[in-house]
1. If a residue has to be away from chain A (no Cβ under 12 Å) and touching a residue at least 24 places away in the same chain (Cβ under 8 Å) to count, how many in the stretch B:103-112 make the cut?
2. Which one of A:2, A:28 is facing chain B (nearest Cβ under 8 Å) and at pLDDT below 95?
3. Taking the stretch A:5-25 on its own, how many of its residues are surrounded by fewer than 16 Cβ atoms within 10 Å (Cβ to Cβ), in contact with a helix residue (DSSP H, G or I) (Cβ under 8 Å, 6 or more places away or on another chain) and either free of Cβ contacts under 8 Å to residues at least 60 places away in the same chain or more than 9 Å from chain B (Cβ to nearest Cβ) (or both)?
4. When you scan the stretch B:193-210, how many residues do you find that are more than 21 Å from residue B:239 (Cβ to Cβ) and part of a helix (DSSP H, G or I)?
5. Please work out which one of (1) away from chain B (no Cβ under 14 Å); (2) surrounded by fewer than 12 Cβ atoms within 10 Å (Cβ to Cβ); (3) over 30 Å from residue B:51 (Cα atoms) is the condition residue A:54 fails and give its number.
6. Please go through the stretch A:31-51 and give me each residue that is in contact with a strand residue (DSSP E or B) (Cβ under 6 Å, 6 or more places away or on another chain) and facing chain B (nearest Cβ under 8 Å), ordered by number.
7. Quick check: is even one residue across the stretch B:28-50 within 14 Å of another protein chain (Cβ to nearest Cβ), assigned to a helix (DSSP H, G or I) and surrounded by fewer than 23 Cβ atoms within 10 Å (Cβ to Cβ)?
8. If you go through the stretch B:204-225, how many residues are touching a residue at least 24 places away in the same chain (Cβ under 8 Å) and either within 14 Å of chain A (Cβ to nearest Cβ) or more than 20 Å from residue B:159 (Cα to Cα) (or both)?
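The values are calculated or read from the model by the stated rules, or taken from the named source; none is laboratory data. As the structure is a prediction and not an experimental result, all values here were calculated from the model. Cβ sites come from the backbone with ideal geometry, for glycine too, and all protein chains shown count toward neighbours.
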């Protein structure tokens, strides 16, 4: 049996093949498409998801955002993990 | 681009009403569309283009049994090319591994396999198809071997709810991502057999406990969707996410419907994709506009604080059970008919289950089949 993926700051998150994160040209909006689900991420989530490319860890993603928004790194890491854990639990995110 | 409305999110393409199974709870209409009236390949390709042009995200290939169409490959390929997220909703019994592999290569992204039970004998009795359960297990394994996400669609009712635990275990063993616990909905053919399938209150309570427990234990492993059957609910479900809000459904002959049961509403004339574009139909079709939003709502819906949560529930059910399509969905405890209708239906579950009537395309007569 597979195990639940528990995200940590060193996890390198990636959107799996069967999930699509894309900009719909007709609707003019970003969408996360998964089996029987269409999620519309908010602007911050869009920024995070764009970085879930299987190359950088959550910590590195957070460092980028912490610089950009001049916010405390620890808090940003926590927020990103909360957000991405929810997606991982639904099967919309995996680790690389 | 649409002028007045947001585009729908998904389209349910019912490619054919033909089906090798003959489940007595079939949700398709009593009168099925015959093969020679089905839309042809070119019609469907054009419809897929129109759906993509509208900004629709997802296409669900369904039926009946969508794999009964030999041109499914062409449709999947075209939908994928037009960037629609493709989903196959299948009974699986007609699929070969080669065909599944080809569909995947052409862009199929998700497969949903229906199961009638976790126990072989009962499953094959309910679907009335020998060897069906074994074949479904095999296809489900192929889906995962080919690296596609798998949803198990378990239709549950009085005659299999006691196996819910096993059904969950089976889904985990098959490495499914998602399990849909679909309690039978009593439209179309299923209403004929309501007494045979209506679960008891005890069964339902225990099934809710099982689901809650499994959701906790299987977090991150298996997502379980569970919808309480209407007959035991206090508030109606948000049918299709609201009439004409998110979904459209295309029947095998091309009628565009707000939900797959809408043709039970005989007073409506539905527009057809052969005559009008999907965009035109979504915005202008009379049946779509009739119950869109909240203006049409009767009291007490109109002032209810849940009016934009459940959108007035299910119109087909309101018509089937009250005779009035504009009535409050009797599922709702504020319907004046709630007690009368649902009280009597749930009483059926207290007596012995009658024999059910199989759904057979060739069987025009309606005769009970021995268990």
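1. Filtering the stretch B:103-112 for residues away from chain A (no Cβ under 12 Å) gives B:103, B:105-106.
Then keep just the ones that are touching a residue at least 24 places away in the same chain (Cβ under 8 Å); that gives B:103, B:106.
Residues in the stretch B:103-112 being away from chain A (no Cβ under 12 Å) and touching a residue at least 24 places away in the same chain (Cβ under 8 Å): 2 in total.
2. Of A:2, A:28, the one residue that is facing chain B (nearest Cβ under 8 Å) and at pLDDT below 95 is A:2.
3. Counting residues in the stretch A:5-25 that are surrounded by fewer than 16 Cβ atoms within 10 Å (Cβ to Cβ), in contact with a helix residue (DSSP H, G or I) (Cβ under 8 Å, 6 or more places away or on another chain) and either free of Cβ contacts under 8 Å to residues at least 60 places away in the same chain or more than 9 Å from chain B (Cβ to nearest Cβ) (or both) gives 2.
4. 10
5. (2)
6. Listed by number, the residues that qualify are A:31, A:33, A:35, A:38.
7. Checked against the condition, which is being within 14 Å of another protein chain (Cβ to nearest Cβ), assigned to a helix (DSSP H, G or I) and surrounded by fewer than 23 Cβ atoms within 10 Å (Cβ to Cβ), the stretch B:28-50 yields at least one hit.
8. Final tally of qualifying residues: 7.
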